[in-house]
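Written below as C-alpha cells is the structure these notes are about.
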Amino acid sequence: MTTQHEALEIPEILRRISTYLPGPDFTSCLQTCHSFHTILTPLLYNQLTLVQKEEKRPTLEALARYAHLVGALKFEHFMSAEYLNVGFKGLYSIHIVHMIRSREFQVGTDEEIMDALLRIIRENPALRKWTLHNPWPRLSSKVWKELSSLKKNPTQGGSDQRQQLAVQSRGCDVLDLTSITVTHDAKHWFLRACADARELRILDVSFMVAGGNPDNCQLFLQLDKRPPQGRRVEIVEFHGYDVIHQLTFLSHLVEARHISWTSPAAGRMPIQTRPLPTLEDLKQFIKPTTWPKLRSLDLTGIPGRQLVRFSDECISHILGCLPDSQLEEFKLQGSTFGPLSAAELKRQLSCLQDLRLEPAGIQEQSALIQEVMESCPKLKVLRAGMISVGHMRRGKPWVCHGLKELAVQIDLESDRDGAVVDKEVDYDTVYFEKHAASRRYVFERLSKLTELVELDTSLPYYGHGDLTYYLLSNRYQSPYWTLEYQIPYGLDQLASLKKLEKLKWSNNHQRIYKEDLAWMADNLPSLKTICAEFDRNATKHKEMAAFLLEKGITVGAHRYR
C-alpha cells in the first residue's frame, strides 16, 4: 500500500486495513471512520464543482447518494443533463461558466439540458442565486420564464401545501450575468427575470436580432404595474436594449440601495434606436421621488471606451434628486464633474464613505477635495485628481481620520502663488527650499491619517476627455513639482502609518535613494507593495527593487494611475 497511489473509497480502505488490525482495534477504527464520514460528508458536498475531466468529478452513482447535501452547484466548462437530473433537492445557488462555446464537454442535447434546468428550478424552491458566465447552451425562454416571479397563483382546492410554497417561491433573488447572448424569443422573459431579481449584475449582455420590427419590451414589462424589485443593480454593456429603455428601467427602481450604470453607449457595438439621454430626459425620468432609499451611485464607465459624457448639469440634476445626507458611495468617470455637481455633492458630505472622481481640473477639484477631507468624518476611500498645498494651508484640519485609501496627486506649484511653466528652475535655490518646506508640510498632514492602508500620489492618467494629465505632466517635468519620498523632505513623519500596505507614486524625475527605501522597510511594518520607479536609470531601479524584495516588499512598475 505504501508504494501504490490509488484513489480508494472508504469500503476498500477499511478492507485493506482490517487485514492488519485485531478485532477491537478494527471496531474502533470503524467507529472513527463513521464519525468522520458523518461530519465531513455534508461539508464536502455542500459546495460542489463539476469540471471537464471525468476523474476529477464524482460519479453519477456517488452524487446520487449525496445530492440532497449539495447547496451550491457549479458547472465549470462542462454541462451535463445526467448530472442535473441526479435529484438535487436543497440547492440555493447555481453557477455555470463556460468560456468556450463548444459541445465537446456537453453531455446531452440542448433540449435535454433545458428540461433538466427546468426540473432543477421546480424541485429546489430555495434556489435563489444564479451566476451565469457565457453559459452554453443558451438558456431557453422557458428557463428565463421560470426564473422570473411572474407566475399564476396555484389552485387552492386540494393542493399540497408544500407544492404551493414551491410554486410561490420560484424566481431569482440574485442574478449575475456575464457575456450572455439572449435569443430573440427569450428576450421578454429575460427582461422580466432581470426586473424581478433583488440583486442584478449585467456585464456584456446582448440580444440576438431577429427580422422585422423590434418588440415593445417596455409594454410587456409593465413597469408601472410591476416595478423592478432590485435593491442592488449593476448594468455594464447592455447591447440591444437602448439607453432610454435602460433609463426607464432604472427610474422604476424605487427600492434600490445601490445602482451602477456605465456611461451610456459604452461598449464595442452599442445599438441605439433612440437619441442618448439629455438633461430633459433625465428630468423626465429621475425625480426627487425616484430613488428614495439609494445609498450608492456608480456612474463609472469603461476606461477608454466612453462614447458619450453626461454634462455637469446632468450629474448635478441626478445628485439633486437624492435625499440629503444619505449617499454613502459616489463614483464618477467618463462624465463631467463641475461646480454644479460639486455644489449638490456637498449635501452628502456628512455621510459620504467612498468618493471616486475622474480628474476634471486642478483648482476646481482641489477646493472640493479639501472640503471633503475636512467635512467627511466617515470617509473611507477617496480617489480623485489633485489637491493643492495652497488649499490645504487655507483649509481646516482634516477630519477623515478613518480614511483607508487615498489616491490624489499633490500640487506643490500652487504653494508659490502660481504655477511655473517653461521656466528653468533646476538650480533655483530659493525655489528648491520653498518646495522642500511644502513637501514637509504635506507629509505632516498625511501622517495624521493613521488608518491608511493604501496611499497613491501618482499622476492620474486618463486617455479621454478635455484634460489629460499625462500631457500636463510633460509641462511640469521638474523634481520640485511632485511629492518626493525622501527623508530630508519629511518622509520620516509617515512612521505613524503602521497599517500602510501599498504605496504608489509617479516618477516625474523623482530622486529616491536606498536609505529612503530602507527607512520604509524598517518603519512601515505592514508595507507589502510599492508601485513606482525609483530612478530614471533602469539599472539603478532594478538594484533598488532587488533590495526591497530582500526585505519582503514586492515592486510594481507604475507611473500613472
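The values are calculated or read from the model by the stated rules, or taken from the named source; none is laboratory data. Remember, it's a predicted structure, so these values are computed and weren't measured experimentally. Glycine also receives a Cβ, built like all others from the backbone with ideal geometry; neighbour counts cover every protein chain displayed.
Okay, here's what the table says:
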quantity	calculated
Residue check for GLN353: among the polar types (S, T, N, Q), out of contact with any helix residue (DSSP H, G or I) (no Cβ under 8 Å at 6 or more places or on another chain), under 16 Å from LYS404 (Cα atoms) and in contact (Cβ under 8 Å) with a residue 12 or more places away in the chain	yes
Contacts under 6 angstrom Cβ, first residue in the stretch 112-130 being within 10 Å of LYS89 (Cα to Cα), partner polar (S, T, N, Q), 6 or more apart	PRO125/SER169
Sole residue being modelled with pLDDT of 70 or more and not hydroxyl-bearing (Ser, Thr, Tyr), chosen from PRO479, PRO525	PRO525
Whichever residue in the stretch 529-547 is in contact with a Phe, Trp or Tyr (Cβ under 9 Å, 6 or more places away or on another chain) and aliphatic (A, V, I, L, M) and, among such residues, is modelled with the lowest pLDDT	ALA532
Residue in the stretch 57-66 that is modelled with pLDDT of 90 or more and in contact with a strand residue (DSSP E or B) (Cβ under 7 Å, 6 or more places away or on another chain) present	no
Pair list, Cβ < 6 Å and 6+ apart or interchain, from the stretch 515-537 residues that are in a strand (DSSP E or B) to residues that are of a type outside the set (Val, Ile, Thr) and buried (at least 19 other Cβ atoms within 10 Å of the Cβ)	ILE530/LEU503; CYS531/LYS504
Top-ranked residue in the stretch 55-81 [being assigned to a strand (DSSP E or B) and of a type in the set (D, E, K, R); ranked as nearest to TYR92 (Cα to Cα)]	LYS74
Residues of the stretch 419-470 classified as in a helix (DSSP H, G or I), modelled with pLDDT under 70, among the hydroxyl-bearing types (Ser, Thr, Tyr) and out of contact with any Leu (no Cβ under 6 Å at 6 or more places or on another chain), total	3
Residue check, GLN52 under 18 Å from SER179 (Cβ atoms) and not small (Gly, Ala, Ser)	no
Hits in the stretch 250-304 (condition: part of a loop (DSSP other than H, G, I, E, B), of a type in the set (Val, Ile, Thr), at pLDDT 55 or above and within 21 Å of ASP354 (Cβ to Cβ))	THR262
Looking only at the stretch 193-248, and only at residues there that are of a type in the set (Val, Ile, Thr) and assigned to a strand (DSSP E or B), the one that is modelled with the highest pLDDT	VAL233
